[in-house]
1. Name the single residue that is nearest to the chain's Cα centre (by Cα) among those in the stretch 236-266 being of a type outside the set (Lys, Arg) and open to solvent by 40 Å² or more (accessible area, probe 1.4 Å).
2. For the stretch 299-346, name all the residues that are in contact with a Lys or Arg (Cβ under 9 Å, 6 or more places away or on another chain) and among the aromatic types (Phe, Trp, Tyr).
3. I'm trying to understand the selection: among the residues of the stretch 225-235, which are out of contact with any Lys or Arg (no Cβ under 9 Å at 6 or more places or on another chain) and buried (at least 21 other Cβ atoms within 10 Å of the Cβ)?
4. Would you pick out the residues in the stretch 255-298 that are closer than 14 Å to residue 245 by Cβ and hydrophobic (A, V, I, L, M, F, W, C)?
5. Mind checking which pairs have a first residue in the stretch 332-346 that is under 15 Å from residue 286 (Cβ atoms) and a second that is modelled with pLDDT under 95 and open to solvent by less than 70 Å² (accessible area, probe 1.4 Å), Cβ under 6 Å, 6 or more apart or different chains?
6. Given the conditions (1) free of Cβ contacts under 8 Å to residues at least 60 places away in the same chain; (2) within 26 Å of residue 130 (Cβ to Cβ), and given that residue 190 satisfies all but one, which numbered condition is not satisfied?
7. Output the residues belonging to the stretch 90-131 that are β-branched (Val, Ile, Thr) and free of Cβ contacts under 8 Å to residues at least 40 places away in the same chain.
Amino acid sequence: MTLGASSLRRGAAGGRRRLTNHTGGIPMHEAKLNTAKLGRTDLEITRVGLGAWAIGGGDWEFGWGPQDDDNSIATIHRALELGVNWIDTAAAYGFGRSEQVVGRALEGLDERPYVFTKASLVEGPGRKVVPSLRRESILREVEGSLQRLGIEAIDLYQIHWPIPAHDIEEGWSTFAELKEQGLVRHIGVSNCDVEQLALIQSIAPVESLQPPYSLVDRGVEQEILPYAEREGMGVVVYSPMGSGLLTGKMTRERVKRLAEDDWRKHDREFREPQLSRHLALVERLRAVARRHDTTPGAVAVAWTLRNPAVDGAIVGFRRPDQVDPVLAAVGLELSDEDVDEIESQE
């Protein structure tokens with residue numbers, strides 16, 4: 001379905017509602033989480049946001065195994081109660097399931113958090129992802145996302161992956177069109193390299209970048225994060241705890257027990273020899289965490305937030321009890337000595 005002119009002219013103002021001290025009857029704490037401006041946008045985001053990849057569940061190519069939707073909604077409400085003011089999801093997460101769950105969680109709230117989502121990965125045979133950056137596909141995706149989320153405008157719309165590379169200009173031009181027409185307020189990209197960012201900047205400014213970044217994956221430090229900082233792009237990083245490796249809860253036994261439709265069970269980082277190196281890193285995080293009376297996961301997230309290019313980190317909570325310990329990262333200030341210990345090699 002291609003969007004008509006009447007659909008494309010829905011105003012963005014109706015979709016923008018800032019999270020304040022009341023969320024539909026959910027009592028909020030007096031203390032507010034530290035925030036940062038997302039690049040040059042007008043979005044003032046908490047330094048940790050809720051990532052909704054895992055709540056898309058299993059039964060698709062990059063699923064996380066079984067997930068209870070009611071539990072997911074309770075988790076979202078807990079994060080909002082503690083002051084988190086943005087949620088990052090994608091149409092690909094469970095092929096609409098994650099967005100549907102987020103939409104259910106937002107129902108009835110007097111004020112809603114910022115909602116970030118993504119396009120460019122659609123469902124193919126066997127519940128596998130098929131990349132598409134064609135205009136017609138993106139227009140279908142944005143309409144579906146708006147319906148599932150139950151909102152009038154998406155606060156940040158992102159290209160999920162720049163694949164196929166030869167269509168990235170068409171895809172980005174479509175994103176610029178969506179912003180002009182008011183269906184989305186800001187536009188960004190995920191998983192792009194510097195060459196791709198420079199190419200599409202000539203079409204429309206890239207307002208935000210979402211790369212993977214953690215102590216497990218530091219590949220963006222050399223070129224991508226410095227480029228984003230120079231260009232004034234907002235940066236929210238994903239998988240700051242290495243997809244669960246750095247939480248302090250992952251063990252060899254737990255890896256063995258992961259569901260068959262949990263992508264991590266088959267990922268090289270969760271296998272030897274990488275797994276032993278990561279678990280040794282967790283012990284260093286644990287030592288630092290003890291000094292700060294917090295958890296290894298919170299220390300891992302705080303480590304990513306020390307990078308001056310990073311505005312926020314996406315954390316994939318799946319249960320309400322996971323929220324409180326990791327949000328300690330928002331106000332956690334690691335010393336140089338802490339960092340030296342974390343990064344030291346045994």
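1. Out of the qualifying residues, it is 238.
2. 317
3. Correct list: 225, 228, 235.
4. If the condition is that a residue be closer than 14 Å to residue 245 by Cβ and hydrophobic (A, V, I, L, M, F, W, C), then 255, 258, 263, 270, 275, 279, 280, 281, 282, 285 are the ones that fit.
5. 346/280
6. Of the numbered conditions (1) free of Cβ contacts under 8 Å to residues at least 60 places away in the same chain; (2) within 26 Å of residue 130 (Cβ to Cβ), the odd one out for residue 190 is (1).
7. Within the stretch 90-131, 122, 130 qualify.
Per-residue answers, yes or no, for (1) closer than 24 Å to residue 68 by Cα; (2) over 15 Å from the mean Cα position of the chain (by Cα):
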| residue | (1), (2) |
| --- | --- |
| 307 | no, yes |
| 310 | no, no |
| 315 | yes, no |
| 318 | yes, no |
| 325 | yes, yes |
| 328 | no, yes |
| 336 | no, yes |
| 340 | no, yes |
| 343 | no, yes |
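The values are calculated or read from the model by the stated rules, or taken from the named source; none is laboratory data. Everything numeric in this text was worked out from a predicted model, so none of it was measured. Neighbour counts are summed over all protein chains in view; Cβ atoms, including those assigned to glycine, are modelled from backbone coordinates with ideal geometry. Quick note on the areas: whole protein, heavy atoms, side chains included, nothing else; ligands and nucleic acids left out. Shrake-Rupley method; radii C 1.70, N 1.55, O 1.52, S 1.80 Å.
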